[in-house]
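Written below as C-alpha cells is the structure these notes are about.
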C-alpha cells in the first residue's frame with residue numbers, strides 16, 4: 001500500500017457530491033462501507049489486482065449505501081494505491097453454504113498488500129490528479 005498526497009484530503013462535502021464526482025472517473029463504492037465510513041475504489045488493471053482507493057468518513061447524517069440520495073456529509077481521507085495477489089482458481093477445501101457460497105468458494109489472497117511497482121504508483125497518481133482537476137462542487 002502506498003499513500004498518495006491529494007488536494008482532496010480533508011475535503012468535506014455531501015456524500016452525493018463526492019460520489020457524483022468519483023463516478024465520472026469510474027470509481028465505485030467499495031463493498032466494505034459501513035454507516036460511518038467507506039471507500040471509493042477504482043481498479044487500475046484488467047485483472048483487478050491493483051486499486052486506487054479513496055477513503056471517507058461520515059461527519060453528519062447516515063450512509064445508506066449506494067442509494068440515489070442520502071443526507072450524509074463526508075470528509076475525504078488520504079487516497080492510496082494497493083495491490084492484492086490472489087490464489088487463482090477455487091479453494092479445494094471450500095464448503096457450500098446457503099449465503100456464503102459465492103464468497104467462500106474462493107481462496108484467500110496470497111498477499112493482500114503486495115509490493116507495488118513504480119508504474120502503478122505513477123498511474124494512480126496521474127488518475128488522482130485528473131480527478132482533482134475535474135472536481136466540481138455540486
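Taken together, the values in this text are just the output of simple stated rules run on the coordinates, not laboratory data. All values reported here derive from a predicted model rather than from experimental measurement. Every residue, glycine as well, gets a Cβ built from its backbone with ideal geometry; the counts of neighbours run over all protein chains shown.
Within region 50-72, the set of residues being more than 30 Å from residue 119 (Cβ to Cβ) and in contact with a helix residue (DSSP H, G or I) (Cβ under 7 Å, 6 or more places away or on another chain) comprises 63, 69, 70, 72. Selection of region 9-26 for residues being crowded, with 20+ Cβ neighbours inside 10 Å and touching a residue at least 60 places away in the same chain (Cβ under 8 Å) yields 13, 21, 22.
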